[in-house]
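The values are calculated or read from the model by the stated rules, or taken from the named source; none is laboratory data. The structure displayed is predicted, hence computed values, not measured ones. In this analysis, Cβ positions are derived from the backbone assuming ideal geometry, glycine residues included, and neighbour counts consider all displayed protein chains.
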C-alpha cells in the first residue's frame with residue numbers, strides 16, 4: 001500500500017514518524033512541507049496522484065492539507081489534530097466535494113487546535129464520513145500513539161488497493177459494528193461480528209416480543225445464518241445501529257423478513273420511512289400483518305394480489321387461504337396458529 005504523509009507547520013522532516021511509516025507501509029510519499037510556498041498545494045496534489053496514494057495521513061497543518069486533497073480525490077484520510085480551524089497562517093489550498101472516510105485522532109489536551117471547535121467545523125463544513133477518536137496527548141503526537149493508529153488502519157485494510165469511498169467505508173464499518181450516523185447502511189449479515197449480531201438480535205427480540213409477533217429465529221446465530229443482508233441506521237450519532245431491516249433474495253425480489261428498533265422515536269420514524277421507500281421500489285416486498293399492515297395500507301403502498309405469486313412466496317406448507325383485496329390467512333408454524341397477512345411491494 002502507498003500512503004502520503006504531510007507533517008505539521010514546524011515539524012522536522014524527516015522524523016521518527018516518517019521512519020515508522022516507511023517500516024509499516026510498502027511505499028510512502030512524504031514531501032517536505034514549506035507552507036509559505038504558494039505552489040505547495042498543487043505540487044503535493046500532483047505528487048499524490050503520481051504516486052497513486054491510497055491513504056492520506058496528516059498532522060496539524062498537514063492534516064488540513066490531507067483533508068483538502070481528499071475532497072478533490074476521494075482518498076480516505078487519517079488525521080491527527082487537523083488544523084481545519086485556528087491556523088496561525090493561511091496557506092493556499094483548494095477544496096472539492098468528493099466524499100471519503102476520515103479517521104480523526106484528537107488530543108484531549110490539545111491547546112493549539114481545539115478538538116471541540118474542529119468537530120464543530122467538520123459538522124458545518126465537512127465532506128464525507130467522520131470517525132472521531134480521542135487520545136490523552138496534546139498538540140504534539142507521541143510516536144507511540146502515531147504508530148498505534150497507522151498500524152491499526154494498515155491492519156484493517158485489504159492488501160489490494162482501495163479505489164473508492166464505498167469500499168473503504170465497508171471495510172472500516174465492520175470493525176466493532178461501528179457505522180456512519182444519519183444514513184441507512186446495507187451490510188452482509190455473514191460479515192457482521194458477534195457483538196453486532198447480538199445487538200441486532202436484542203432489537204429484534206424486544207421489538208417482536210413487545211408487539212406479540214411470531215419469532216422466525218430462535219437465537220442470534222440462527223438470525224445470522226438464515227438471512228443474507230440487513231439495512232442498519234444510527235440515529236443518535238454513537239455509530240451503533242438503532243434500527244434494522246433484514247431481507248433475503250427470492251425469485252420475486254428482495255423479501256423484507258424482519259425489522260425493528262431499539263424503541264427510540266426517531267429510529268421508529270426512520271424505519272417506517274425506509275420501509276415505505278423500499279416497498280415502492282421494484283424488486284422489494286414485505287409480508288405484513290397487524291400494526292405494520294395498517295401503516296402500509298394507510299400509506300397507499302402497492303399491494304400484491306397475484307395469487308400464484310402469493311402462494312409461491314408464502315409456501316404451500318403454510319397453507320395460505322385467500323381472502324379479498326390481497327388479504328390471506330396463513331399458518332404460523334412456531335406458534336401453531338393462523339394470522340391474516342398481506343404482501344406490499346412491487347415484485348420484479
Only one of 52, 42 is outside any strand (DSSP E or B), assigned by TED's automatic domain parsing to the domain that holds residue 15, out of contact with any strand residue (DSSP E or B) (no Cβ under 7 Å at 6 or more places or on another chain) and surrounded by fewer than 21 Cβ atoms within 10 Å (Cβ to Cβ), namely 42
Residue 249 fails exactly one of (1) assigned to a helix (DSSP H, G or I); (2) under 27 Å from residue 206 (Cα atoms), namely (1)
Among the residues of region 287-294, is any in a loop (DSSP other than H, G, I, E, B) and within 25 Å of residue 224 (Cβ to Cβ)? yes
Among the numbered criteria (1) touching a strand residue (DSSP E or B) at 6+ places or on another chain (Cβ under 8 Å); (2) closer than 26 Å to residue 123 by Cα; (3) modelled with pLDDT under 90, which single criterion is violated by residue 228? (2)
Based on what the data block shows, is residue 305 over 27 Å from the mean Cα position of the chain (by Cα), part of a loop (DSSP other than H, G, I, E, B) and either touching a residue at least 40 places away in the same chain (Cβ under 8 Å) or not assigned by TED's automatic domain parsing to the domain that holds residue 133 (or both)? yes
Which listed residue is touching a strand residue (DSSP E or B) at 6+ places or on another chain (Cβ under 9 Å) and on the phi > 0 side of the Ramachandran plot, from 27, 60: 60
Do you know which residues across region 260-269 are within 19 Å of the chain's Cα centre (by Cα) and touching a residue at least 40 places away in the same chain (Cβ under 8 Å)? 260, 261, 262
Boolean, residue 197 is assigned by TED's automatic domain parsing to the domain that holds residue 279, more than 16 Å from residue 268 (Cβ to Cβ), part of a strand (DSSP E or B) and at pLDDT 85 or above: no
